[in-house]
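Have a look at the structure below, then the notes.
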Amino acid sequence: MANTYLTRTPSSTGNQRTFTFSFWVKRGGLSSQQHIYCQSYGSEDYQFRMEFTSSDEFRLYNSKGASDAINLKTNRRFRDTSAWYAITIAIDTTQGTAANRAKIYVNGVQETSFGSATYPTQNLEMDANAAAAQIIGAKYSGSYSTYFDGSLSHFHFVDGTAYAAS
């Protein structure tokens with residue numbers, strides 16, 4: 001696994017209530033925590049992350065101090081290292097129904113079975129899209145770690161709109 005990643009720090013904060021991530025991912029290794037994306041203020045207390053867990057689930061996570069603002073970990077395991085997965089993350093914390101505030105789509109189908117399911121409170125500002133380090137392919141908590149092992153392609157971010165996978 002190479003220790004490579006992309007990083008960018010925007011000069012200003014965008015919409016932190018409504019946004020979409022979309023990308024293709026192909027795993028290179030299994031059974032280790034691997035970060036696809038991490039927005040960090042330099043500690044784990046305030047981070048927005050998309051990752052594969054050491055048990056090979058996909059996890060969408062945002063910590064706010066000592067509590068989880070969002071923690072969605074799929075029951076589904078991602079263990080096919082020959083497959084490309086199209087993943088879309090749609091966040092809209094302005095929605096009245098908790099389950100509509102954060103959605104994960106894999107290959108165009110919404111994931112609805114979670115081993116862990118903490119949804120953001122209404123109108124919560126997530127840590128993604130802040131004027132802080134945005135990292136693709138690694139985690140940052142004062143230093144870079146848990147690099148992604150695999151391939152990422154067509155990584156897109158849409159500020160201000162929560163799109164479905166279609």
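Each Lys and Arg contributes +1 and each Asp and Glu -1, all at the Cβ; summed about the Cα centre of segment 1-110, the dipole is approximately 200 debye. Peptides 118-128, 152-162 ranked from most to least packed by the mean count of surrounding Cβ atoms within 10 Å: 118-128, 152-162. Spacing of the modelled spin labels on Ala117 and Thr97, each 7 Å from Cα toward Cβ, amounts to 1.2 nm.
Projecting the Cα atoms of Tyr5, Ile70, Ala83 onto the dipole axis of the chain, where Lys and Arg carry +1 and Asp and Glu carry -1 at the beta carbon, places Ala83 farthest toward the positive end. Rounded to the nearest Å, what's the spacing between the alpha carbon centres of segment 49-71 and segment 78-108? Just the number, please. After rounding, the separation between the Cα centres reads 13 Å. Is any residue of segment 64-88 close enough, with backbone N under 20 Å, to a label point placed 7 angstrom from the Cα of Leu152 along the Cα-Cβ axis, and if so, which? Counting only backbone N, you get 70-74, 78-88.
Assuming a ≥ b ≥ c are the square roots of the Cα gyration tensor eigenvalues, decide whether segment 1-153 counts as rounded (a/c under 1.5), prolate (otherwise, with a/b larger than b/c) or oblate.
Note, shape of segment 1-153 comes out oblate.
The protection proxy used here, the mean number of other Cβ atoms lying within 10 Å of each residue, ranks peptides 101-113, 25-37 as follows, highest first: 25-37, 101-113.
With every protein chain present, what is the per residue accessible area of the chain (1.4 Å probe, Å²)?
45
Build a GNM of the chain with springs between Cα atoms under 10 Å apart, and of Thr93, Thr53, Thr81 the one that fluctuates most is Thr81.
The values are calculated or read from the model by the stated rules, or taken from the named source; none is laboratory data. Note that the structure is predicted; figures quoted are calculated from it, not measured. When we count neighbours, we look across all protein chains shown, and the Cβ atoms used for this are built from the backbone with ideal geometry, even at glycine. Remember, those area values only see protein heavy atoms, side chains included, never the ligands or the DNA or RNA. Shrake-Rupley method; radii C 1.70, N 1.55, O 1.52, S 1.80 Å.
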